[in-house]
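Heads up, the thing below is written out as structure tokens.
The values are calculated or read from the model by the stated rules, or taken from the named source; none is laboratory data. Everything numeric in this text was worked out from a predicted model, so none of it was measured. Quick reminder, even Gly has a Cβ in these numbers, built from the backbone with ideal geometry, and neighbours come from all protein chains shown.
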Amino acid sequence: METIEIRQALNRSELDQVFDICAEVFPEDRPFFQERIDYDCTYALETTHLAFVDGIFAATVQVFPYMMRWGSIALKVGGIGSVATLPKYRNRGLAQQLMRRQSDYMKVNGYDLSMLLTGRNSFYEQVGWCTIPEEPWVADASLLRADSLESYRIRFFEEADLDQVSQIYAASNLQAVASMVRSIAYWKGQLAWKAVKSERFLVAEGTRGQLVAYLRYKIVKDNQLIIADCGYLSEAKQAAIDLLGQALAAEACTTVRAMLPSYHILNDYLSDNGARREIDREKMWKAFSLTGSFIKMVPELKRRIQKSHVKLFEQPTFLLFTIGCCEEAQLYVHEDKVEVMQVHDSLTYNFRFQFNDKEWITLLLKGFQALNREELQGSEVLNVLFPETPYVFWEVDYF
């Protein structure tokens, strides 16, 4: 009978074996996987889990830690990558055992969410991940070439531009839920592992030579241009359109694909030029520790109550949230005071909210309106605490 062992990687030698197995299983070469780890400032050896069959290394799953914006605060997310099993060891349930072990690891280490990208949704649903559909734009590239009335100088990114670009990113994604909080070290790592090719990283200069916008894009199969990351200063919206125009002029692409936060100028530009929405189901999410996440969310919930100017909480209000069959958290709200309290069976709650895992994650990422449950008792409370929010996870941050 086979002996299966699941554990964390112990040293660089075992990590080197991970690169080998990934290069064998996936189309990318070994340096792709090694550089992604070597240049990632957030990586820690303990986030890689391995499966051994009779002492032979057979499968792996890695967690890529990052912080994502949630209004004025940040939540901890584990990006799932390098889910790889050698062909001769498949059909033993190794990958699912590894995913469960990684879930346990993230839960005890303060992660709020996990996200992965896949075309095998049913496989990951079995271990608790939920598909959260998106609606990216897809446009005919030939319809998007337009002359600009502005005077921006478009050029390739240079290393000296990094501080300005990172500041533009932070400013233009400040309210974008799910966008990654990028440190300068992370930016430098992305440049080193070439998240996009250098000739596909463009910047726009204003009249005084200062940077006002940037665009990073990829060209994938069927000559599709994917907008992987695009930011701009509020006074330079046209620069984003000009950058896309420059990219289209340089590439022989047939279509453009973009997932953008709702406030982004390219939404209107693409819509006005015949782009259509498509349904994309490749992103899957999993939530951990309802109470722990609520504790982190308190400052942002207070801000939302203050911003709403409604008088729902003039009297002390007790809210009970139940996710799935058993996970519960209690909120006490009075005026702009918010506390996470221990659940008491004897307490009378003003509102009880029951959501499945997918509904809870949708509520977090996109707001109550995305659930289409306005008939729910207490919907006015949920609209204040979880208003409709701009959402984006830029493709350049994929793992």
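A few points about this structure:
- Selection of segment 183-227 for residues being part of a strand (DSSP E or B) and loosely packed, with under 14 Cβ neighbours inside 10 Å yields only 220.
- Boolean, residue 247 is within 23 Å of the chain's Cα centre (by Cα), without any contact (Cβ under 8 Å) to a residue 60 or more places away in the chain, in the same structural domain as residue 176 (by TED's automatic domain parsing) and in a helix (DSSP H, G or I): no
- Within segment 283-303, the residues that satisfy the criterion of being aliphatic (A, V, I, L, M) and touching a strand residue (DSSP E or B) at 6+ places or on another chain (Cβ under 6 Å) are 284, 287, 290, 295, 298, 301.
- Options 291, 254, 322; residue that is under 30 Å from residue 200 (Cα atoms) and surrounded by 12 or more Cβ atoms within 10 Å (Cβ to Cβ): 254
- In segment 134-166, of all residues being closer than 17 Å to residue 200 by Cα, charged (D, E, K, R) and under 26 Å from the mean Cα position of the chain (by Cα), the one that is modelled with the highest pLDDT corresponds to 161.
- The listed residues are 218, 188, 283, 194, and the only one of them that is within 22 Å of residue 391 (Cβ to Cβ), in contact with a helix residue (DSSP H, G or I) (Cβ under 9 Å, 6 or more places away or on another chain) and of a type in the set (Lys, Arg) turns out to be 218.
- Near pairs, Cβ below 8 angstrom, 6+ apart or cross-chain, from segment 356-385 (without any contact (Cβ under 8 Å) to a residue 12 or more places away in the chain) to any residue that is in a loop (DSSP other than H, G, I, E, B): 379/373
- Failed item in (1) under 16 Å from the mean Cα position of the chain (by Cα); (2) without any contact (Cβ under 8 Å) to a residue 24 or more places away in the chain, with residue 120 passing the rest: (1)
Residue-by-condition table, conditions (1) closer than 16 Å to residue 102 by Cβ; (2) touching a strand residue (DSSP E or B) at 6+ places or on another chain (Cβ under 9 Å); (3) surrounded by fewer than 15 Cβ atoms within 10 Å (Cβ to Cβ):
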position: 7; (1), (2), (3): yes, yes, yes
position: 11; (1), (2), (3): no, no, yes
position: 24; (1), (2), (3): no, yes, yes
position: 35; (1), (2), (3): no, no, no
position: 43; (1), (2), (3): yes, yes, no
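- Helices (runs of 4 or more DSSP H) (entirely within segment 85-182) containing at least 1 residues that are outside the structural domain of residue 204 (by TED's automatic domain parsing): 94-108, 121-125
- Flag if residue 95 is within 30 Å of residue 74 (Cα to Cα), modelled with pLDDT of 95 or more and among the aliphatic types (A, V, I, L, M): yes
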